[in-house]
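For reference, the structure discussed in these notes is given below.
The values are calculated or read from the model by the stated rules, or taken from the named source; none is laboratory data. On a predicted model such as this, the values are computed, not experimentally measured, just so you know. Counting neighbours? That spans all protein chains shown, and the Cβs are built from the backbone with ideal geometry, glycine included.
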(Lines give C-alpha, C1' and ligand atoms only; values in the text may rest on other atoms or scores of the structure.)
Protein backbone atom coordinates (compact mmCIF):
# COMPACT_ATOMS: atom_id res chain seq x y z
CA UNK A 1 0.00 0.00 0.00
CA UNK A 2 2.80 2.41 0.94
CA UNK A 3 4.64 1.65 -2.29
CA UNK A 4 1.52 2.40 -4.34
CA UNK A 5 1.01 5.71 -2.58
CA UNK A 6 4.62 6.69 -3.30
CA UNK A 7 4.17 5.86 -6.97
CA UNK A 8 0.96 7.86 -7.20
CA UNK A 9 2.52 10.82 -5.40
CA UNK A 10 5.55 10.82 -7.70
CA UNK A 11 3.43 10.64 -10.86
CA UNK A 12 1.06 13.37 -9.64
CA UNK A 13 4.02 15.60 -8.79
CA UNK A 14 5.46 15.28 -12.28
CA UNK A 15 2.17 15.76 -14.09
CA UNK A 16 1.41 18.86 -12.05
CA UNK A 17 4.85 20.38 -12.48
CA UNK A 18 5.75 19.72 -16.10
CA UNK A 19 3.77 21.96 -18.41
CA UNK A 20 4.52 23.39 -21.84
CA UNK A 21 5.74 27.00 -21.92
CA UNK A 22 3.13 29.69 -22.33
CA UNK A 23 4.15 32.67 -24.47
CA UNK A 24 1.89 35.30 -25.96
CA UNK A 25 1.93 34.74 -29.70
CA UNK A 26 2.76 37.55 -32.11
CA UNK A 27 3.07 37.07 -35.83
CA UNK A 28 6.51 37.94 -37.19
CA UNK A 29 7.42 38.73 -40.80
CA UNK A 30 8.64 35.65 -42.72
CA UNK A 31 12.31 34.95 -42.06
CA UNK A 32 12.40 37.00 -38.84
CA UNK A 33 10.85 34.49 -36.45
CA UNK A 34 14.26 33.67 -34.93
CA UNK A 35 15.89 37.11 -34.99
CA UNK A 36 16.73 39.18 -31.94
CA UNK A 37 16.54 42.91 -32.65
CA UNK A 38 18.51 45.43 -30.58
CA UNK A 39 18.58 49.16 -31.08
CA UNK A 40 20.70 51.94 -29.62
CA UNK A 41 19.42 55.50 -30.01
CA UNK A 42 21.30 58.63 -28.95
CA UNK A 43 19.00 61.62 -28.62
CA UNK A 44 19.55 65.33 -28.08
CA UNK A 45 16.58 66.38 -25.97
CA UNK A 46 15.71 69.89 -24.69
CA UNK A 47 13.98 68.30 -21.66
CA UNK A 48 15.47 64.89 -20.88
CA UNK A 49 13.20 64.08 -17.93
CA UNK A 50 10.03 64.88 -19.86
CA UNK A 51 11.13 62.81 -22.84
CA UNK A 52 12.22 59.94 -20.57
CA UNK A 53 8.79 59.82 -18.91
CA UNK A 54 7.07 60.14 -22.27
CA UNK A 55 9.02 57.22 -23.74
CA UNK A 56 8.06 54.99 -20.81
CA UNK A 57 4.39 55.88 -21.30
CA UNK A 58 4.72 55.38 -25.06
CA UNK A 59 6.08 51.85 -24.56
CA UNK A 60 3.27 50.92 -22.14
CA UNK A 61 0.68 52.24 -24.56
CA UNK A 62 2.05 50.44 -27.62
CA UNK A 63 2.11 46.76 -26.60
CA UNK A 64 5.50 47.07 -24.91
CA UNK A 65 6.98 47.97 -21.55
CA UNK A 66 9.92 49.87 -20.10
CA UNK A 67 12.69 48.05 -18.24
CA UNK A 68 14.63 51.00 -16.85
CA UNK A 69 14.14 54.76 -16.81
CA UNK A 70 16.19 57.73 -15.64
CA UNK A 71 16.97 61.22 -16.82
CA UNK A 72 19.93 59.88 -18.80
CA UNK A 73 18.46 56.85 -20.53
CA UNK A 74 15.42 54.66 -21.11
CA UNK A 75 15.52 50.92 -21.76
CA UNK A 76 12.34 49.49 -23.20
CA UNK A 77 10.94 46.49 -25.05
CA UNK A 78 8.54 46.95 -27.92
CA UNK A 79 7.39 44.88 -30.92
CA UNK A 80 9.83 45.33 -33.80
CA UNK A 81 7.06 46.73 -35.98
CA UNK A 82 6.86 49.71 -33.59
CA UNK A 83 10.44 50.91 -34.18
CA UNK A 84 9.57 53.44 -36.97
CA UNK A 85 6.79 54.83 -34.77
CA UNK A 86 9.25 55.13 -31.88
CA UNK A 87 11.57 57.35 -33.90
CA UNK A 88 8.61 59.44 -35.05
CA UNK A 89 7.52 59.87 -31.44
CA UNK A 90 10.99 61.03 -30.33
CA UNK A 91 11.09 63.61 -33.12
CA UNK A 92 7.55 64.77 -32.32
CA UNK A 93 8.78 65.60 -28.80
CA UNK A 94 11.55 67.84 -30.22
CA UNK A 95 14.16 65.15 -29.79
CA UNK A 96 17.01 65.13 -32.32
CA UNK A 97 18.23 61.63 -33.18
CA UNK A 98 22.03 61.79 -33.30
CA UNK A 99 22.63 58.04 -33.57
CA UNK A 100 20.26 55.25 -34.59
CA UNK A 101 22.08 51.91 -34.53
CA UNK A 102 20.10 48.66 -35.03
CA UNK A 103 21.62 45.19 -34.71
CA UNK A 104 20.22 41.69 -35.12
CA UNK A 105 21.25 38.22 -33.95
CA UNK A 106 20.03 34.83 -35.15
CA UNK A 107 18.51 32.86 -32.26
CA UNK A 108 17.64 29.76 -34.27
CA UNK A 109 20.50 27.53 -33.07
CA UNK A 110 20.12 28.62 -29.45
CA UNK A 111 16.40 27.84 -29.58
CA UNK A 112 16.98 24.44 -31.22
CA UNK A 113 19.60 23.53 -28.59
CA UNK A 114 17.26 24.55 -25.78
CA UNK A 115 14.35 22.56 -27.17
CA UNK A 116 16.61 19.54 -27.65
CA UNK A 117 17.63 19.76 -23.99
CA UNK A 118 13.96 19.81 -22.96
CA UNK A 119 13.12 16.89 -25.26
CA UNK A 120 15.94 14.64 -24.00
CA UNK A 121 15.01 15.22 -20.39
CA UNK A 122 11.35 14.68 -21.11
CA UNK A 123 12.19 11.32 -22.69
CA UNK A 124 14.15 10.32 -19.56
CA UNK A 125 11.26 11.43 -17.37
CA UNK A 126 8.74 9.40 -19.41
CA UNK A 127 10.97 6.33 -19.18
CA UNK A 128 11.14 6.62 -15.39
CA UNK A 129 7.35 6.92 -15.20
CA UNK A 130 7.11 3.64 -17.12
CA UNK A 131 9.49 1.88 -14.72
CA UNK A 132 8.16 3.27 -11.48
CA UNK A 133 5.07 1.07 -11.58
CA UNK A 134 7.12 -2.11 -11.08
CA UNK A 135 9.73 -0.68 -8.71
CA UNK A 136 10.12 -1.54 -5.03
CA UNK A 137 10.05 1.09 -2.27
CA UNK A 138 13.78 1.83 -2.44
CA UNK A 139 13.76 2.21 -6.21
CA UNK A 140 10.58 4.29 -6.07
CA UNK A 141 12.24 6.77 -3.71
CA UNK A 142 15.28 6.99 -6.00
CA UNK A 143 13.03 7.45 -9.02
CA UNK A 144 11.11 10.20 -7.25
CA UNK A 145 14.36 12.06 -6.55
CA UNK A 146 15.41 11.71 -10.18
CA UNK A 147 11.98 12.91 -11.34
CA UNK A 148 12.35 16.05 -9.23
CA UNK A 149 15.80 16.71 -10.67
CA UNK A 150 14.62 16.21 -14.25
CA UNK A 151 11.61 18.40 -13.67
CA UNK A 152 13.81 21.23 -12.36
CA UNK A 153 16.05 20.97 -15.41
CA UNK A 154 13.06 20.98 -17.76
CA UNK A 155 11.66 24.09 -16.09
CA UNK A 156 15.08 25.75 -16.34
CA UNK A 157 15.37 25.14 -20.08
CA UNK A 158 11.76 26.11 -20.68
CA UNK A 159 12.49 29.39 -18.90
CA UNK A 160 15.37 29.95 -21.34
CA UNK A 161 13.03 29.09 -24.22
CA UNK A 162 10.55 31.72 -23.05
CA UNK A 163 13.34 34.32 -22.89
CA UNK A 164 14.48 33.46 -26.43
CA UNK A 165 10.95 33.69 -27.79
CA UNK A 166 10.46 36.99 -25.99
CA UNK A 167 13.68 38.31 -27.55
CA UNK A 168 12.40 37.36 -31.00
CA UNK A 169 9.11 39.19 -30.47
CA UNK A 170 10.22 42.34 -28.70
CA UNK A 171 13.00 44.69 -29.77
CA UNK A 172 15.41 45.65 -26.99
CA UNK A 173 15.83 49.43 -27.23
CA UNK A 174 18.27 51.55 -25.25
CA UNK A 175 17.80 55.30 -25.63
CA UNK A 176 20.54 57.55 -24.27
CA UNK A 177 19.48 61.15 -23.64
CA UNK A 178 21.64 64.26 -23.66
CA UNK A 179 20.79 67.93 -23.44
CA UNK A 180 24.09 69.18 -24.84
CA UNK A 181 25.51 68.53 -28.29
CA UNK A 182 29.26 68.05 -28.20
CA UNK A 183 31.35 70.13 -30.58
CA UNK A 184 35.04 70.59 -31.38
CA UNK A 185 36.35 74.03 -30.28
CA UNK A 186 37.91 76.26 -32.92
CA UNK A 187 41.15 76.49 -30.97
CA UNK A 188 42.83 73.77 -28.92
CA UNK A 189 45.85 75.10 -26.98
CA UNK A 190 48.88 72.86 -26.67
CA UNK A 191 50.23 71.69 -23.34
CA UNK A 192 53.58 73.17 -24.46
CA UNK A 193 53.55 76.98 -24.14
CA UNK A 194 56.31 77.48 -26.74
CA UNK A 195 54.12 75.85 -29.41
CA UNK A 196 51.28 78.23 -28.63
CA UNK A 197 53.60 81.19 -29.33
CA UNK A 198 54.53 79.97 -32.83
CA UNK A 199 52.86 81.26 -35.98
CA UNK A 200 52.16 77.77 -37.34
CA UNK A 201 51.37 79.01 -40.85
CA UNK A 202 54.67 80.91 -41.13
CA UNK A 203 56.54 77.99 -39.52
CA UNK A 204 55.31 75.55 -42.16
CA UNK A 205 55.85 78.08 -44.99
CA UNK A 206 59.50 78.61 -44.05
CA UNK A 207 60.11 74.85 -44.32
CA UNK A 208 58.30 74.27 -47.59
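General observations
- Any hit, the stretch 89-98, residues being free of Cβ contacts under 8 Å to residues at least 24 places away in the same chain and under 30 Å from residue 57 (Cα atoms): yes
- Among (1) surrounded by 11 or more Cβ atoms within 10 Å (Cβ to Cβ); (2) at pLDDT below 55; (3) closer than 30 Å to residue 51 by Cα, the one test that residue 176 misses: (2)
- Candidates 134, 120: the one that is surrounded by 13 or more Cβ atoms within 10 Å (Cβ to Cβ), modelled with pLDDT under 95 and farther than 16 Å from residue 36 by Cα is 120.
- Taking the listed residues 145, 152, the one that is out of contact with any strand residue (DSSP E or B) (no Cβ under 6 Å at 6 or more places or on another chain), modelled with pLDDT of 90 or more and more than 30 Å from residue 49 (Cβ to Cβ) is 152, with no other qualifying.
- The residues listed here are 69, 48, 7; of these, the one that is touching a helix residue (DSSP H, G or I) at 6+ places or on another chain (Cβ under 6 Å) and modelled with pLDDT of 80 or more is 69.
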